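The values are calculated or read from the model by the stated rules, or taken from the named source; none is laboratory data. The shown structure was predicted, so the numbers you read here are calculated from the model rather than taken from an experiment. Positions of Cβ are backbone-derived with ideal geometry, glycine not excepted, and every protein chain shown enters the neighbour counts.
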Amino acid sequence: MMHTGHMTEAQAGASTSQGVDAPAPIAVGGLCVELSGRKLLDNLELRVPKGKAVAIMGPSGSGKTTLLHALAGIRSVDRGKVVVAGTEITGLSAARRARHRLRSIGLMFQFGELIPELSVEENVSLPLRLLGMARAEATRMATGWLAKLDVERLAREFPETLSGGEVQRVALARALVHEPPVLIADEPTGSLDETNAQLVARLLVDSGKRTGAAVVIATHDPMVASCTDRILRLRSGSLSETHL
Amino acid sequence: MITNVLPVTVGLALRAGARFKAEHAWRRTALILAGSVAALLSVLTVSAVELFSAEDARESARTPYIADSKAEAKLYIAPRADVWNGAQFPVLWIEPAEGSGDVPIPPGMKTMPAPGEAVISPELHRLAAANSTIAARYPVSSAVLSSEGLKVPTELFAYVRPPVARSIANDQRSHGIRGFGAPLGVPGSLTIDAPNARPTLPMLLAGIALLAIPMLLLSLAAVSTVAPERDRRMQILSWMGWSRRRAVSLNAIEAMVVSTPGILLVVIGWYLLAPHLTRLPPIGRAANPGDLSLSPVSALLCAAFTLTFVALSAIATSARTKSDRPRPGGIQTAFSVMRAVPALLGTGTILLGLVVSGKTGGALVLAGVVTFLLGLPVVLPFGVRSLGRQIQRLPSVVMLFAGRTLERNAIRSARPMMGLVALAILLTTGAGFLAVVGTLDPPPVGDQRLVAARVSSLAYQPQDLVNLRGKLPGSVVAPYTITGSPEGPELRLGATCADLAVLQIECSPDKGLVGSAADGIARAVGFPPGILTIVLGKVANHSNGQLLALSGPRETFAQDVRAAAGATLVGPVVMTLDDQAQVESPLVPWLIMGFLVGAVLLLLAACILLVDGVLRAESERQLLAKLGVPNRKLMQIEALQLLSSYTFTAGIGLAVGTVLCIVVVLVGGDTAIPFAQLGRIWLAILLIGLLASCLGVIFRQLLSAKEAM
């Protein structure tokens, strides 16, 4: 089932208030990040409830990637609180943030970032293997996700033989295979043509909904943003509601 | 909770190590080469230690226990020396104690030689067969010692038993002994060889400077090959939730996996080959079969050590990778004083070594050189960056591109040159060290009209003097003693002016010998001219057999005296002025070989770094080519980048090395600065750089042509 439009402000408010009652998988408060004396994120607030998708838009250099990295725990923050999947990650060491990321977050990037040495199937099963699952079971689940995303036939291929759209679908399978409560995607369609971009964006949002994950997508593409429940614009270090 | 980390990491490492693209083949080649060379150095080092240990054990086996009393003595031994080709070698005079039924036999000897006979080492036997003067002292018919009795298979060594009716038992220079196998250098043992003091600290420092640092550089160069791809893999894994430690360990395992075949091949090959070798390569030191053998445990430890070394190199190069995605335009690292600390510390230590005298000063200079070499790669890129800033100001688009690349990618630009810089420093400093250790004091120049030899013997009898005189016609042989007096040391020579008249030298019955003849005799007995008074007269209490043999100019005098003494005296030692010449330190061949091996390692590292530099710059080249920059322009940019960074870094290396060479020479004492050698090294390094830069440009062209196909 495809989601075809963005939510109204009333709907967005409803989902936000719903998030207050049930703990949201992503809850950020007063987040500040500075780089070389320049405030990239300034007292930023964000809540993304379970099963909802949020698009972050903004010009290049506005801090979208920095925000996603802060949510994923890839980088530390200067001030503020970042709670992801029930864990306050700002106080954690880099190693503990990495462990948390492995368990609770699925990540997608503009160029897929598959491990070139591993086959498609191995790339997808990697998070499960690292979480302790036996190889056969991990492969079975990976194959299942590849089938859901219609790339099962590529299971034995290596990344360098795939097209851009195929790479992104495999990357999506890898991000979802361990059914994380949070899915973060940084320009996931940036390297794709319009058809593939729409396909991948819908798969991303729908898969998140199916697994109940909170999805955050940084994008320049209005079409991709339109697939999400809520669109926020990052400007001067803080987020504001926007419409296409 | 994470249980699959190890198998997943190893599996991924195996995959990473087994990729088939051209650059991965290059990485594999570099890693296998570095691993194999490190393994070879490792097994050679362990084999050298095994060899020293075996030599020490054999030396200990032939070291006598001194008897506490005459009654306990089973054998008498008097360590004496002979000379061949300017080098002394030990000759042990042995005589079974009277009434002792259980005479200990030295190791390597089947039976005690008969009176007047010798048992000699195989090398001495070979010499005797080829040289009549040696054969006169050690007949070819002598029994030959087996390898258990020799410290080194090629050493010159002999046991000689006095003839019938001559005994060394009562000579004060002989020792009653109760057996063999005493530990070396402990009270109660008799030292029969030169003391076995190995200069541990200088050898360790030289080993670090000549082998460990070049090997480290080679290893770091190999593990850094195709590093951007490895760094990208680390980044993706880090984003996926791998901890940094785990991602780094993946790199370490991958480097180990790739280098393992080479390491195993070398270690197993050496393990099988070493027991049969009779020379330690590359130094060529003689060894008995089995001396160089590795035990299975040692072989395993060598392999484990080398793998650990490769892994640590991979970890060291992974540690500096940033986890954030690199921004376009390269990473600018700020210069801080902390980065210059190792180089400054090295400089300070060298200066301190110049102030402190003696061996400590020399060790400090060497330690300073090592520290400086380790610190140089950290500061050099900042110099390259400054150079880039200057070049890009010049009015040409070629200058702009070349300068900007040097500025923005200073570390990458300086890396390929690091091996050659280290080579420049190593060779120039090495020229200084070799000048110091290779400068030998010439023998003292004596009076051209007089040659003299000191002769001493055991169990001296007055008839010995008569016999020796009989064997040396045309010469003067006389006893002498040296005594102290308020006017200074005095040598009393038991000869008259009439005896000396045959030599046509100035002589006065009242004043004794003066002038050049006196100086010649003084030098012959180890005194500088002008200090020793030489008087003529009867020598009282002459029981220690100290004789002086004097002759007019005669080239074969030393040989003649040795032959005569060998035929007439017991335990003779003959010393001439030529024997006072300084002989080369046994460390010199090790040092020369160390410099050669170090230079080869650095050249290999330089090759790997250069090829990797070309591979890494390919994407930039393609970008410029896509923009329409003509091929000729591209070549100019590349040549300028390579040549300017090379000229700059090699210039620094040569300047630093030359200063270090001068420092070493100044510390080393009375040695001339080897300007000719330095000039040749400068020329060689500059030519190598020019050649490397040309090859670099050609390689890039070939690579681009291949990509375009």
Practice problem: At least 3 residues that are in contact with a Ser or Thr (Cβ under 6 Å, 6 or more places away or on another chain) and aliphatic (A, V, I, L, M) in each: list the strands (runs of 3 or more DSSP E) lying fully within region A:160-244 that qualify. | Solution: none
Exercise. Return yes when B:A222 is over 21 Å from B:W590 (Cα atoms), crowded, with 21+ Cβ neighbours inside 10 Å and either modelled with pLDDT under 80 or within 29 Å of the chain's Cα centre (by Cα) (or both) and no when it is not.
Key: yes
Quiz item: Can you name the condition, by its number, that B:V140 falls short on among (1) surrounded by 17 or more Cβ atoms within 10 Å (Cβ to Cβ); (2) at negative phi?
Solution: (1)
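Given the residues A:D150, A:D78, which is the only one that is of a type in the set (D, E, K, R), out of contact with any strand residue (DSSP E or B) (no Cβ under 8 Å at 6 or more places or on another chain) and more than 10 Å from chain B (Cβ to nearest Cβ)?
Values: A:D78 fails: out of contact with any strand residue (DSSP E or B) (no Cβ under 8 Å at 6 or more places or on another chain).
Being of a type in the set (D, E, K, R), out of contact with any strand residue (DSSP E or B) (no Cβ under 8 Å at 6 or more places or on another chain) and more than 10 Å from chain B (Cβ to nearest Cβ) holds for just one of A:D150, A:D78, which is A:D150.
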Quiz item: How many residues are among the charged types (D, E, K, R), touching a residue at least 40 places away in the same chain (Cβ under 8 Å) and more than 7 Å from every other protein chain (Cβ to nearest Cβ) if we restrict to region B:222-240?
Solution: 3
Quiz prompt | Enumeration of residues in region B:471-485 that are touching a residue at least 12 places away in the same chain (Cβ under 8 Å), closer than 15 Å to B:D560 by Cα and either out of contact with any helix residue (DSSP H, G or I) (no Cβ under 9 Å at 6 or more places or on another chain) or surrounded by fewer than 20 Cβ atoms within 10 Å (Cβ to Cβ) (or both) | solution = B:K471, B:G474
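Just to verify a result, which residue in region B:70-96, among those that are part of a loop (DSSP other than H, G, I, E, B) and in contact (Cβ under 8 Å) with a residue 60 or more places away in the chain, is nearest to B:P113 (Cα to Cα)? Spell out how you get there, then give the answer.
Of the residues in region B:70-96, the ones part of a loop (DSSP other than H, G, I, E, B) are B:70-74, B:85-86.
Checking which are in contact (Cβ under 8 Å) with a residue 60 or more places away in the chain leaves us with B:70, B:72-74, B:86.
Working: B:K70: 22, B:E72: 22, B:A73: 18, B:K74: 15, B:G86: 28 Å.
The residue in question is B:K74.
Out of B:A87, B:A18, B:A57, B:A71, which single residue is out of contact with any Pro (no Cβ under 7 Å at 6 or more places or on another chain), loosely packed, with under 15 Cβ neighbours inside 10 Å and within 14 Å of chain A (Cβ to nearest Cβ)? First the steps, then the outcome.
Values: B:A87 fails: within 14 Å of chain A (Cβ to nearest Cβ); B:A57 fails: within 14 Å of chain A (Cβ to nearest Cβ); B:A71 fails: within 14 Å of chain A (Cβ to nearest Cβ).
Every option except B:A18 fails the conditions.
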Quiz item: When B:P282 is evaluated against the numbered criteria (1) more than 14 Å from chain A (Cβ to nearest Cβ); (2) part of a helix (DSSP H, G or I), which criterion, by number, is the only one it fails?
Solution: (2)
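Among B:L596, B:L569, B:L577, B:L550, which is surrounded by 16 or more Cβ atoms within 10 Å (Cβ to Cβ) and within 38 Å of the chain's Cα centre (by Cα)?
Details: B:L596 fails: surrounded by 16 or more Cβ atoms within 10 Å (Cβ to Cβ); B:L569 fails: within 38 Å of the chain's Cα centre (by Cα); B:L550 fails: within 38 Å of the chain's Cα centre (by Cα).
After ruling out the rest, the residue left standing is B:L577.
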Exercise. Quick one: count up the residues across region A:81-110 that are more than 8 Å from chain B (Cβ to nearest Cβ), farther than 19 Å from A:V28 by Cβ and within 14 Å of the chain's Cα centre (by Cα).
Key: 2
Quiz item: Of B:P377, B:P381, which residue is at pLDDT below 80 and buried (at least 16 other Cβ atoms within 10 Å of the Cβ)?
Solution: B:P377
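Consider B:L468 carefully, then state whether it is farther than 22 Å from B:G515 by Cβ and touching a residue at least 60 places away in the same chain (Cβ under 8 Å).
yes
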Quiz prompt | Top-ranked residue in region A:113-137 [being surrounded by fewer than 23 Cβ atoms within 10 Å (Cβ to Cβ) and of a type in the set (G, A, S); ranked as farthest from the other protein chains (Cβ to nearest Cβ)] | solution = A:A136
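Only residues that are among the charged types (D, E, K, R), more than 25 Å from A:A24 (Cβ to Cβ) and within 14 Å of chain B (Cβ to nearest Cβ): list them for region A:158-184, please.
To start, the set of residues in region A:158-184 that are among the charged types (D, E, K, R) comprises A:160, A:166, A:169, A:174, A:179.
The next check asks that each one be more than 25 Å from A:A24 (Cβ to Cβ); those that pass are A:160, A:166, A:169.
Selection gives A:E160 alone.
Table: residues versus (1) under 26 Å from B:A343 (Cα atoms); (2) modelled with pLDDT of 80 or more; (3) in a helix (DSSP H, G or I).
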{"site": "B:L591", "(1), (2), (3)": "yes, yes, yes"}
{"site": "B:I608", "(1), (2), (3)": "yes, yes, yes"}
{"site": "B:G613", "(1), (2), (3)": "yes, no, yes"}
{"site": "B:G628", "(1), (2), (3)": "no, no, no"}
{"site": "B:L678", "(1), (2), (3)": "yes, yes, yes"}
{"site": "B:I685", "(1), (2), (3)": "yes, yes, yes"}
{"site": "B:S693", "(1), (2), (3)": "no, yes, yes"}
{"site": "B:L702", "(1), (2), (3)": "no, no, yes"}
Quiz item: Which one is surrounded by the most Cβ atoms within 10 Å (Cβ to Cβ) among residues in region A:69-88 that are within 19 Å of A:S36 (Cα to Cα) and touching a residue at least 12 places away in the same chain (Cβ under 8 Å)?
Solution: A:A70
Quiz item: Which one is modelled with the lowest pLDDT, of the residues in region B:285-337 that are among the hydroxyl-bearing types (S, T, Y) and not in a loop (DSSP other than H, G, I, E, B)?
Solution: B:S318
Exercise. Answer with yes or no whether A:A53 is in contact (Cβ under 8 Å) with a residue 60 or more places away in the chain, in contact with a helix residue (DSSP H, G or I) (Cβ under 8 Å, 6 or more places away or on another chain), within 14 Å of chain B (Cβ to nearest Cβ) and under 22 Å from A:V216 (Cα atoms).
Key: no
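Which of the residues that make up region B:154-177 are basic (K, R) and within 38 Å of the chain's Cα centre (by Cα)? Lay out the reasoning, then the answer.
Going through region B:154-177, the residues basic (K, R) turn out to be B:161, B:166, B:173.
Answer for region B:154-177, where residues must be basic (K, R) and within 38 Å of the chain's Cα centre (by Cα): B:R161, B:R173.
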